[in-house]
Amino acid sequence: MPDRRKVLSLVLLILVAFSSALFSAAGKTVHTLVIMGTTDMHQYIMPYDYMGDKPNESIGLAKVFTLIEKVRDENANTLLFDTGDFIQGSLVGDYEADVNPLKGFDFQTIVRAYNYIGYDAVSVGNHDVTDFGLEFFERAKSNSIFPWVSANIRLADDPKGFLTDPYVILEREVDGIPIKIGVIGFTPPQIMSWGRRHLEGNVFTQGIVEQAEKYIPILRDQADLVIAVAHTGISTDEITSYDAQENAAYYLAQIEGIDAMILGHQHSHFPGDFADIESIDNDKGLIFGVPTVLPGSWGSHLGVISLDLAYDWNTGEWEVLDGSAALVPVDADVETHPLLAELVWPKHEATIEYVRTPIGWTDTEITSYFSRIMDNPVTQIINEAQIWWAEREFAGSEYEWLPILSAAAPFIAGRQGPTYFTHVQGDISIGSITDIYIYPNTIYVAKLNGKQIKDWLEAAASNFNQIDPSSAEPQHIVNYDFREYNFDVIEGIEYVYDITKPVGQRLVSAVFEGNPLNASMEFLVVTNNYRGSGGGNFPHVADNVILATTEINREAIIKYIQYIGEVDPAPTNNWKILPIETAGPLLYRSSPEGQGYVERNAIRGIDFLEVDEAGWGVYKVDLFELAEYLEETALQEVN
């Protein structure tokens, strides 16, 4: 009896041949174009975690390049795009921008790598222009042999002009037949807030969907295919919402005329992360029928879109017959490309040497394992350093009489998965500081009253799910869709959240030196340029900035630790979750390594349950017992 798989394969071959014959008879031939995409590389060229000073075999452009070459070897017709955020991120970027700044005609290392790999076009990411400024970006653009595109960043002194080309038309061939491919780029319009100090007066932005509706028809008239290479993610919120303006792909896909999309910005994955949403096909990788990839970050995945095309020899027109999308992961089995490793090696080694520079010592475990349910050493040391900086900055000024508060978030607390948490103990190096404070933000200071600070804390309380005390089902305390870098902890006041309340009503107590916060109280609050420029859409902060510096927050932490020498950032436990009785268990997910941290520090009220299928450590939380532990710890610190 014949093998059924062989019979099926033979039938499929016959059908393909028959289909091609029909197309040929009609003057058409069928062809395949493979479009590859990367995003949010953030200067991670080598498979190396500079913050942890150790290899990471699941990331890196040098590994992605190996996958790219494999796809190119297996397919006759390929294109390669990137959606930006690649000239900033890892300490290689910091090294080139701040530690040993590039001079003259020096290339950014990752631009040299992109040139070597052979990208067809790259869109502008928010971090490409907001973090190190337009001069650093212009160096990258001028040294690139590929075009940069963004259709919604305009020049302030020439409103008809753009920071880069809004789109390009690539003249390529598919199986020897000429084809024109329109490539249009987009950038989150919020860059004007996030990078105000660099961008204000130089550029302005427009909405992604607004510009797409204007330019897609123009591209359709000039090109055979239209590809959106967009530094934007996927949000199903109302189109006018902050999140949908930032992550506009769900609405972008509904604009007629787009044949494929490469996305970015969210550090998420598509196909994969957006199941059970209307008009999103996670199996085939389609959004409203448009083949789409969102390939993670740091070189974790290569996005691959396959388009089946028909060419009409009578009219000279191309037609898209079908399309699908998939992600190819980077793992230990993917080899580091030797030529790319050779290209980057000198800068890679110099960065590691910089990372290992010691600046201080701590016996305290500075971790973020439980930073979203209790006060923690990570935000503590950031806030201590920022208050120390501000006390010196405002001494003798008109503001020296105002109390100084500080806001900081646990920046590395699970966003990239169960291994993405801060843990520093013993020698504190430059790399340790980046593990504590990952972003190269700069210090901003706002003058706010007590009522405005309470509104700030209410916005941060979106970190929590609303708990139903009567439910016997397990409930997770934390809303994991809320980004940890928006969970601000404000030091210098004491406050309590009731997580049984809805968003906007969770702050049940907030006091300064025993007095409830009110509108008559005034404070200086130290934060960063992201928050101080409207990042996270927090109320009042951006409108009340009194000092916008170019001082990098991490540099303030480094100076503070160098000044102190040995630090002990024991949490003051100035904020708490109100203990509540629940019919069912309360849960929290974190790194499995958190189990050892709980045991070593004899933390009560947090019990390890299991490691789930995704590798997360799952913990049961008793808020009453935890509150007692925190109260005892606070008393010990006072005594």
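Listing for the model above:
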| quantity | calculated |
| --- | --- |
| Cβ-Cβ FRET estimate between GLN562 and GLU353, R0 fixed at 22 Å, reported to 0.05 | 0.75 |
| Portion, in percent, of the accessible area of the stretch 252-291 that falls on carbon or sulfur, probe 1.4 Å | 40 |
| Rounded to whole Hz, the Karplus (6.51, -1.76, 1.60) HN-Hα couplings of the stretch 306-321, x for glycine and proline | 10, 10, 8, 10, 10, 10, 8, 6, 7, 9, x, 9, 9, 9, 8, 8 |
| Extension gain (nm, one decimal) between THR500 and GLU335, 0.36 nm per residue minus Cα-Cα | 54.5 nm |
| Between the stretch 391-409 and the stretch 91-107, the alpha-carbon center distance in angstrom | 32 |
| Under the Karplus curve 6.51 cos²θ - 1.76 cosθ + 1.60, θ = phi - 60°, whole-Hz ³J(HN,Hα) for the stretch 472-483, x wherever Gly or Pro sits | 8, 7, x, 10, 7, 5, 9, 7, 6, 6, 7, 5 |
| Neighbour-limited loop hits for trypsin sites (Lys or Arg not before Pro), the stretch 98-202 (at most 15 other Cβ within 10 Å; DSSP other than H, G, I, E, B) | LYS103 |
| Pair ALA156, LYS103: separation of 7 Å Cα→Cβ label points (nm) | 3.0 |
| Per residue accessible area of the chain, 1.4 Å probe, in Å² | 41 |
| Backbone N under 14 Å from the TYR242 label point (7 Å along Cα→Cβ), restricted to the stretch 480-516 | 482-488, 504 |
| Antiparallel bridges, percent of DSSP beta bridges restricted to the chain (to nearest 5) | 75 |
| Distance between the stretch 248-305 and the stretch 450-464 - C-alpha centres, whole angstrom | 33 |
| Qualifying trypsin sites (Lys or Arg not before Pro) for the stretch 475-560 [loop in DSSP, other Cβ within 10 Å: at most 10] | none |
| Paired Rg and Dmax values of the chain, which use every Cα atom, in angstrom | 26.2, 94 |
| Residue-count net charge about GLU393 - beta-carbon cut-off 14 Å; Lys, Arg +1, Asp, Glu -1 | -2 |
| Charge context of THR549, other residues only, Cβ under 12 angstrom, K/R +1, D/E -1 | -2 |
| At least 27 Å along the helix axis (C-alpha) and Kyte average at least -1.0, DSSP helices within the chain | 4-25 |
| Carbon/sulfur fraction of accessible area - the stretch 341-439, other protein chains in place, 1.4 Å, % | 50 |
| Label-point separation, GLN466 to ASP283 (7 Å along Cα→Cβ), nm | 3.5 |
| Using a Förster distance of 51 Å, the FRET efficiency for ALA395-ASN143 (Cβ separation, nearest 0.05) | 0.70 |
| Low-density loop cleavage sites - GluC sites (Glu not before Pro) in the stretch 174-263, where at most 16 other Cβ are within 10 Å (DSSP) | GLU200, GLU238, GLU256 |
| Rotationally averaged projected area of the stretch 471-524 (alpha carbon convex hull; nm²) | 5.4 |
| Net charge contributed by nearby residues that have their C-beta within less than 14 Å of ASP333 (K/R +1, D/E -1) | -1 |
| Carbon/sulfur fraction of accessible area - the stretch 63-219, other protein chains in place, 1.4 Å, % | 48 |
| GLN466 long-range amide H proximity, modeled H, under 5 Å | none |
| The stretch 532-639: relative contact order in percent, alpha carbon pairs under 8 Å with at least 6 residues between | 23 |
| Ellipticity estimate at 222 nm from DSSP helix runs (n ≥ 4, -39,500 (n - 2.57)) divided over the chain, nearest 500 | -8500 deg cm²/dmol |
| Qualifying lysines (Cα of each under 29 Å from Cα of LYS347; at least 8 residues distant if same chain) | LYS54, LYS63, LYS70, LYS103, LYS141, LYS559 |
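The values are calculated or read from the model by the stated rules, or taken from the named source; none is laboratory data. Just so we're clear, the structure is a prediction, and the values are computed from it rather than from any experiment. Neighbour counts are summed over all protein chains in view; Cβ atoms, including those assigned to glycine, are modelled from backbone coordinates with ideal geometry. We work out accessible area using only protein heavy atoms, side chains counted, and drop any ligands, DNA or RNA first. Shrake-Rupley method; radii C 1.70, N 1.55, O 1.52, S 1.80 Å.
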